[in-house]
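This report refers to the structure that appears directly beneath it.
The values are calculated or read from the model by the stated rules, or taken from the named source; none is laboratory data. Remember, predicted model here, so these are calculated numbers, not experimental data. Positions of Cβ are generated from backbone atoms using ideal geometry, with glycine treated the same way; all protein chains shown enter the neighbour counts. Remember, those area values only see protein heavy atoms, side chains included, never the ligands or the DNA or RNA. Shrake-Rupley method; radii C 1.70, N 1.55, O 1.52, S 1.80 Å.
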Amino acid sequence: MPIAKVDGVEVEFEAGMNVLQVAELAGKEIPRFCYHERLSIAGNCRMCLVEVKPGPPKPQASCALPAAENMEIFTDTPMVKKARRGVMEFLLINHPLDCPICDQGGECDLQDQAMGYGRDDSRYADNKRAVEEKFMGPLIKTVMTRCIQCTRCVRFITEVAGVPEIGLISRGEDVEITTYLDKAVMSELSANIIDLCPVGALTSKPYAFNARPWELKKTESVDVMDALGSAIRVDARGAAVLRVLPRTNEAINEEWISDKTRYAVDGLARQRLDRPFLREGGRLRAASWAEAFDAVAAKLQAASPDRIGVIAGDLQDAESMKAALDLFGGMGVKSLDCRQDGMALGGGQRESWLLNSTIQGLEDADVILLVGTNPRLEAPVLNARLRKRWMAGALRIGVIGEAADLTYQYDYLGAGPAALSGLGKAKGAFMDVLQAAKAPAIIVGAGALSRADGAAVLQAAAGVAKAFNMGWNLLHTAASRVGGLDLGFVPADGGKTAGELVAKGGADVLILLGADELDLSRTDAFVVYLGTHGDAGAHRADVILPGAAYTEKNGLYVNTEGRVQMGLRAVYPKGEAKEDWAILRALSERLGAKLPYDTLDQLRAKLFADHPTFGRIDYVPSTPGAIDLGALGAKGPLSDAPFAGSARSFYLTNPVARASVTMAECASLASSATKIAAE
């Protein structure tokens, strides 16, 4: 490896690194505004100036200068310090210096660097330049007079998000960042530019003027808005969750999160169920916990086990599903299902329902076939990773399903199962590349397996994967799905599926654990809803047991690649609401079938003993077990209907998001944009 000297200290570095990276290897902190490790190099803020030898006797931008063998780098010479102070003085010529009213205060890179390199006065008496504010939608607030033209937002939205709707226009003193057509930025990752902005030019519109960072309690947790399990930080003040920010996790989300993950949190405070309810005379009335438990226990004790059904929703933690399995399974109930959408998968080999290539491992694939999935809507952060691999020119993508804008080019192979079943005989450029691929992978969407012919589609997809030696991957959309399948939360022999349970006459008593994505209009069962929001399940319920949202409890979740992750409580449940497992534990005592644990730790101990995979926190096998692809699915006729993505509306996929005013605004904008595009 080549060697360079940084302030007299020798440092080994990898070929291709720039001077800034080499300096940081030596432990030197280099100030910067435009440079970012995940974006292309712009070199336009000039804050990262250093002195190098051999080289011209002047400071040079370290981010844009490749490091070389035997190079000497100086980061704190008088020349460097004077140059950085000069750059800072220029940056502040037009900056409004409105820190007391700026939402970025306390988290502002410009503020921090000005402490080290700024002056205590100004030598400029001219009027400061003012710039018009820009409309970027309901998520991003702009104060463009603060902008220092670092272009981080432009590079992110173009390179990472793949939606080039922000750019730099004009020249010289008139240069400014704009959205070209004065319309909202329609990327599902758009709000990441708020984190990237080193000044207060782009800030969070819903969070504006709500709090200062030092007022907030910060809790590290995981996201449940999709099945990736992105690393997040939940910031709360008192009993209110005020914002969600990304945490860096190279294996999953790098440092990005979707707009839904970031902004659905206002739904945690709206339409909440904060006390038990009983339906009497067709209307719900507030009740005590004792009354609610008595009503539920009476119905359960009067019903035959084969007439009781339990359905787990998309946001459930593993502990609540384990408690439900122990309680109702012990009563002889066989009709338990975690697949609200009717997915034709479960009860077999664990690898059959995982993204076995792993999220990070997909960057090693050279050909990927997408079947019945729109990753831009179902997993935007994963889609950005696919785009990164495609941008590097190392990935060829084929799509069978919806011909949507995925932010990268792909070979469109067909709309439905016919294209999938005929792939082995197909010809063309993509097939030639697929046959010659060294690391091909297939990604099957949850929507493709949630149809009436889901089992036949599964068999056809597995056949293609086997024929071309492709890595087998399933992209889920529900945070609870893999955990439920790992637990065996599927109907036992003789049990009914979720679809059968909600049909007329399907059950006498129906327990819904946060299940809101079902059509409950036909069921004539006695419905018990254990959940957080007044959504579809609560509207139909005869008894409501208020549960805790994902920010209000400690819980385990398993992401789509099989990684067990721990979510932590940031605030306490609302009103009289309780943690889901604790409600089931209390109900078990009323039923005379007391569960053998009194604390969450005791529940987890039993969970780990019965299902050892849950004890391996944050672990994914580097080499997944061999998958018997020939055993997946079942023979049957394939429908001619085209595949459709499982996400109906990206912004309204769960009760928390549907209760969010911000998500409603985004959904309305997205719907309008779709109509305009169609016209």
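Accessible surface computed residue by residue for segment 147-237, with neighbouring protein chains in place and a 1.4 Å probe, gives 36 Å² per residue.
Taking amide H as placed 1.01 Å from N in the peptide plane, Ser190 has its amide H under 5 Å from the amide H of Asp259, each at least 5 places away in sequence or on another chain. Here segment 549-625 is treated as an ellipsoid with the same Cα gyration tensor; its semi-axes, largest first and in whole Å, are 27, 18, 9.
Each part gets one Cα centre, and for segment 333-379 versus segment 1-41 those centres are 40 Å apart.
Judged by a Cβ-Cβ distance under 4.7 Å, the unpaired cysteines of the chain are Cys48, Cys63, Cys99, Cys102, Cys108, Cys147, Cys153, Cys197, Cys338, Cys666.
How high is the FRET efficiency between Ser304 and Lys466 when r is their beta carbon distance and R₀ equals 41 Å, given to the nearest 0.05? Walk me through the numbers before you get to the answer.
On the way: r = 43 Å, r/R0 = 1.05.
Calculated value: 0.45.
What is the Rg over Rh value, at two decimals, for segment 56-123, using alpha-carbon atoms and the Kirkwood definition of Rh?
Details: Rg = 15.0 Å, Rh = 14.2 Å.
A ratio of 1.06.
Looking at segment 191-349 alone, DSSP beta bridges between its own residues are antiparallel in about 85 percent of cases. Taking all protein chains together and rolling a 1.4 Å probe, Met566 ends up with roughly 80 Å² accessible.
Considering Cα pairs under 8 angstrom that are at least six residues apart, work out the relative contact order of segment 184-266 and quote it in whole percent. Present the calculation step by step, with values, prior to reporting the outcome.
Numbers: 118 pairs, mean separation 23.3, N = 83.
In percent, rounded to a whole number, it is 28.
Using 1/(1 + (r/R0)^6) with R0 = 25 angstrom and r between the beta carbons of Ile617 and Asp519, what's the FRET efficiency to the nearest 0.05? Provide the component values of the computation, followed by the final result.
Details: r = 36 Å, r/R0 = 1.46.
For Ile617 and Asp519, the calculated efficiency is 0.10.
The residues of segment 389-459 expose on average 43 square angstrom of accessible surface per residue, using a 1.4 Å probe on protein heavy atoms.
So, R0 is 56 Å and r is the distance between the beta-carbons of Phe90 and Met566; what FRET efficiency does that work out to, to 0.05?
It comes out at approximately 0.75.
Of the solvent-accessible surface of segment 550-671, computed with a 1.4 Å probe and all protein chains present, 54% belongs to carbon and sulfur. Taking the square roots of five times each eigenvalue of the Cα gyration tensor of segment 130-228, the equivalent ellipsoid has semi-axes of 25, 18, 12 Å, listed largest first. Taking a straight line from the alpha carbon of Lys28, these lysines sit under 21 Å away, with near neighbours fewer than eight places off in the same chain left out: Lys5, Lys53, Lys58, Lys81, Lys82. Once both labels are positioned 7 Å from their Cα atoms along Cα-to-Cβ, the gap between Ser649 and Arg285 label points is 3.5 nm. Hull volume per residue, based on the alpha-carbon atoms of segment 449-497 and their convex hull, is 112 Å³. Remark: segment 477-608 carries 32 Å² of accessible area per residue (probe radius 1.4 Å; ligands, DNA and RNA excluded). Entry note, the chain: relative contact order of 15 percent, from Cα contacts under 8 Å with a spacing of 6+ residues.
Multiply the residue separation of Trp214 and Ile3 by 0.36 nm, subtract the distance between their alpha-carbon atoms, and state the gained length in nm to one decimal.
Values: separation 211, 0.36 × 211 = 75.96 nm, distance 4.18 nm.
Extra length available between Trp214 and Ile3 comes to 71.8 nm.
Working note: 222 nm ellipticity from helices only, DSSP H runs with n ≥ 4, each -39,500 (n - 2.57), summed and divided by the residues of the chain, gives -7000 deg cm²/dmol to the nearest 500. Within the straight-line cut-off of under 15 Å between alpha carbons, the aspartates and glutamates reachable from Lys578 are Asp274, Asp317, Glu319, Glu552, Asp598, sequence neighbours fewer than 8 places apart in one chain being disregarded. Between the alpha-carbon centres of segment 85-102 and segment 601-658 there is a gap of 50 Å. Solvent exposure of Asp628, expressed as accessible area, is near 90 Å², computed with a probe of 1.4 Å over the protein chains only. Each residue was assigned an accessible area with a 1.4 Å probe, and for Met225 the value is about 10 Å².
Tally up the carbon and sulfur contribution to the accessible surface of segment 387-524 as a whole percent, 1.4 Å probe, everything protein left in place. Don't jump to the answer; show the numbers that get you there.
Values: 2590 of 5220 Å².
Taking all protein chains in place, segment 387-524 shows 50 percent carbon and sulfur surface.
Taken as Cα centroids, segment 540-562 and segment 279-305 sit 21 Å apart, rounded to the nearest whole angstrom.
Across segment 232-353, the mean sequence separation of Cα contacts (distance under 8 Å, 6 or more residues apart), normalised by length, yields a relative contact order of 14 percent.
Pairs of C-alpha atoms in the chain farther apart than 43 Å represent 31 percent of all such pairs.
Based on the Cα gyration tensor of segment 266-407, what are the three equivalent ellipsoid semi-axes, each the root of five times an eigenvalue, rounded to whole Å and given largest first? List each step's numbers first, then the result.
Working: eigenvalues 372, 83, 35 Å².
In descending order the semi-axes read 43, 20, 13 Å.
Overall, the accessible surface of segment 1-105 at a probe of 1.4 angstrom is composed of carbon and sulfur to the extent of 56 percent.
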